[in-house]
Amino acid sequence: RLKPKPDHTFSAYWYFEFESEAQNQILFLSLGENGVLLESGKVAVASIDGKGLVYPSGPKWSPLTEVSLRALSGDGTLTNRAFRITSALDPEFRSPDLQFIFAETDRRFDLAQVYYTVDRALHWMTEVLAVELKKPLEIRLHVGDKGVSNAAFYHQSIIYLGTGDGITYQGLPRDPSVVIHEAMHALIDSYSGLPSEGEGGAFNEGFADFFTALLLQNPRMGDSSYLKGPYRRTLENNFRAYQDFTPGVYRNGSIVAATFWDFRGTIDDQRLAQLAFRTVNRLGAGGVFADFLPALAHASAGFLSPEEQAQIHAKAVARGWSQ
């Protein structure tokens, strides 16, 4: 680039734009011809709100509502600096006027619904936990044959969602508990790196359930999409650590989630979310069941009062974590 000088001539300089290590912002550097740093900072990224027709709290709990879709990149896609929504059925879909208003029978309806829900989840992370995902998130909808599958999983900064097979699940992208749960896996992956299998996998599932339940103020997971019962699992359960463990991650994870759900009332929901997040951080990628009480105690120290710590510990012990 050329930079004007006071004598009305120009000097050349190098200008670089690059993605930060966290990959959630664009930085720039200006270097003089001799390599001296002239200036550095963040690149302002333009964004614009669009409109969508969605169920703000899912079809079971809210009516269809026209809402703002915040901070779109403006290129006609459902993209912002933190995440992107695409459909396997129409990967090139764009709405140049940023109006994503479709009938429920139109598969494109799911795009706006998921954008709104993921944005809600990430906004909660920022407002309640004061954190952001360390990498941009991609959400791929309508995976499977003609979009029909029971896929709902997170892997390496990508969320995969089918529409449900109409037998076990239906309308997976329209169920906030399903979509937010997967977004919470991205949060856990960013700050803890817990695995998807074994004891660490149970922690991963349990904390994803707990954060989702706290955000939605609803302990029932899958209650808008699961067809074989009123919900897929609930944090209001009587399972106990060690006594009721099974080989699968979901049952064991529901004990982790229920333990933190038991803590409600001891401290307010925001500090409870922060306590859970501090515990996730202290468990780390290698966390196993034997680490739960020590990690919880470490997370509580200096954060809760001695009285609150004693109450939290007693409730964890009541859930069977005192092996």
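The values are calculated or read from the model by the stated rules, or taken from the named source; none is laboratory data. What you see is a predicted model, and the numbers here were worked out from it, not measured in a lab. Counting neighbours? That spans all protein chains shown, and the Cβs are built from the backbone with ideal geometry, glycine included. Side chains included, ligands, DNA and RNA excluded: accessible areas come from the protein's heavy atoms. Shrake-Rupley method; radii C 1.70, N 1.55, O 1.52, S 1.80 Å.
How many residues, within the stretch 121-139, are β-branched (Val, Ile, Thr) and surrounded by fewer than 17 Cβ atoms within 10 Å (Cβ to Cβ)?
At the first step, the residues of the stretch 121-139 found to be β-branched (Val, Ile, Thr) are 126, 128, 131, 139.
Those still in the list that are surrounded by fewer than 17 Cβ atoms within 10 Å (Cβ to Cβ) too: 126, 131.
Count: 2.
Kindly check whether there is at least one residue in the stretch 96-105 that is on the phi > 0 side of the Ramachandran plot, buried (at least 16 other Cβ atoms within 10 Å of the Cβ) and not basic (Lys, Arg).
Start the filter on the stretch 96-105 by keeping residues that are on the phi > 0 side of the Ramachandran plot, which leaves 98.
Restricting the remaining residues to those that are buried (at least 16 other Cβ atoms within 10 Å of the Cβ) gives 98.
Still in the list and also not basic (Lys, Arg): 98.
Yes: the stretch 96-105 contains one or more residues that are on the phi > 0 side of the Ramachandran plot, buried (at least 16 other Cβ atoms within 10 Å of the Cβ) and not basic (Lys, Arg).
Say we look at the stretch 227-242 and pick out the residues that are open to solvent by less than 70 Å² (accessible area, probe 1.4 Å) and not aliphatic (A, V, I, L, M); which of these is farthest from Arg174 (Cα to Cα)? So that I can check it myself, show each step before the final result.
As a first pass, look at the stretch 227-242 and keep what is open to solvent by less than 70 Å² (accessible area, probe 1.4 Å): 229, 231, 233-235, 237, 239, 241.
Going one step further and asking which of them are not aliphatic (A, V, I, L, M), we end up with 229, 231, 233-234, 237, 239.
Working: Gly229: 17, Tyr231: 14, Arg233: 17, Thr234: 19, Asn237: 25, Phe239: 29 Å.
In this case the residue turns out to be Phe239.
Determine if the stretch 71-91 includes at least one residue that is assigned to a loop (DSSP other than H, G, I, E, B), of a type in the set (Val, Ile, Thr) and out of contact with any His (no Cβ under 8 Å at 6 or more places or on another chain).
There is at least one residue in the stretch 71-91 that is assigned to a loop (DSSP other than H, G, I, E, B), of a type in the set (Val, Ile, Thr) and out of contact with any His (no Cβ under 8 Å at 6 or more places or on another chain).
Scanning the stretch 182-217 for residues that are within 19 Å of Leu172 (Cα to Cα) and of a type in the set (D, E, K, R), which turns out surrounded by the most Cβ atoms within 10 Å (Cβ to Cβ)?
The qualifying residue surrounded by the most Cβ atoms within 10 Å (Cβ to Cβ) is Asp209.
Residue check: is Ser68 open to solvent by 10 Å² or more (accessible area, probe 1.4 Å), more than 19 Å from the chain's Cα centre (by Cα) and among the hydroxyl-bearing types (Ser, Thr, Tyr)?
Details: open to solvent by 10 Å² or more (accessible area, probe 1.4 Å): yes; more than 19 Å from the chain's Cα centre (by Cα): yes; among the hydroxyl-bearing types (Ser, Thr, Tyr): yes.
Answer is yes for this residue.
If a residue must be free of Cβ contacts under 8 Å to residues at least 60 places away in the same chain and hydroxyl-bearing (Ser, Thr, Tyr), how many such residues does the stretch 237-278 contain?
Adding up the residues that qualify gives 4.
Among the residues of the stretch 155-168, write down those that are surrounded by fewer than 22 Cβ atoms within 10 Å (Cβ to Cβ) and assigned to a strand (DSSP E or B).
Answer for the stretch 155-168, where residues must be surrounded by fewer than 22 Cβ atoms within 10 Å (Cβ to Cβ) and assigned to a strand (DSSP E or B): His155, Ile158, Tyr160.
Find all pairs meeting these conditions: Cβ atoms under 9 angstrom apart; at least six residues apart or on different chains; first residue within the stretch 137-163 and in contact (Cβ under 8 Å) with a residue 24 or more places away in the chain; second residue outside any strand (DSSP E or B) and among the aromatic types (Phe, Trp, Tyr).
Ile139/Tyr115
List pairs: first residue in the stretch 49-65 and charged (D, E, K, R), second residue open to solvent by 50 Å² or more (accessible area, probe 1.4 Å) and in a loop (DSSP other than H, G, I, E, B) anywhere in the structure, Cβ distance under 7 angstrom, at least six positions apart or on different chains.
Between residues of the stretch 49-65 that are charged (D, E, K, R) and residues that are open to solvent by 50 Å² or more (accessible area, probe 1.4 Å) and in a loop (DSSP other than H, G, I, E, B), the close pairs are Lys51/Ile101.
One line per residue, one yes/no per condition, for (1) in a helix (DSSP H, G or I); (2) touching a helix residue (DSSP H, G or I) at 6+ places or on another chain (Cβ under 8 Å):
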{"residue": "Phe203", "(1), (2)": "yes, yes"}
{"residue": "Tyr231", "(1), (2)": "no, no"}
{"residue": "Phe245", "(1), (2)": "no, yes"}
{"residue": "Asn252", "(1), (2)": "yes, yes"}
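Hey, does the stretch 250-257 have a residue that's at pLDDT 95 or above, in contact with a strand residue (DSSP E or B) (Cβ under 7 Å, 6 or more places away or on another chain) and of a type outside the set (Asp, Glu)? Let's see the steps before the verdict.
To start, the set of residues in the stretch 250-257 that are at pLDDT 95 or above comprises 250-257.
Cutting the leftovers down to in contact with a strand residue (DSSP E or B) (Cβ under 7 Å, 6 or more places away or on another chain) gives us 250, 254.
The next check asks that each one be of a type outside the set (Asp, Glu); those that pass are 250, 254.
Yes, there is a match, as at least one residue in the stretch 250-257 is at pLDDT 95 or above, in contact with a strand residue (DSSP E or B) (Cβ under 7 Å, 6 or more places away or on another chain) and of a type outside the set (Asp, Glu).
Among all residue pairs at least 6 apart or on different chains, which show Cβ distances below 8 Å where the first residue, located in the stretch 68-96, is over 14 Å from Leu111 (Cβ atoms) and at pLDDT 95 or above and the second is open to solvent by less than 30 Å² (accessible area, probe 1.4 Å) and of a type in the set (A, V, I, L, M)?
Ala82/Leu122; Ala82/Leu133; Ala82/Leu137
Checking Glu127 against (1) more than 22 Å from Val178 (Cα to Cα); (2) under 20 Å from the mean Cα position of the chain (by Cα), only one condition comes out false. Which one?
(1)
Among the listed residues Arg282, Arg278, identify the single one that is in contact with a His (Cβ under 6 Å, 6 or more places away or on another chain) and either surrounded by 16 or more Cβ atoms within 10 Å (Cβ to Cβ) or in a helix (DSSP H, G or I) (or both). Talk me through it step by step, then tell me what you get.
On the way: Arg278 fails: in contact with a His (Cβ under 6 Å, 6 or more places away or on another chain).
Only one candidate passes the filter, namely Arg282.
Step by step: first the residues of the stretch 8-45, then only those that are modelled with pLDDT under 65 and either open to solvent by less than 80 Å² (accessible area, probe 1.4 Å) or in contact with a His (Cβ under 7 Å, 6 or more places away or on another chain) (or both), then the one that is nearest to Ser190 (Cα to Cα). Which residue is that?
Ala22
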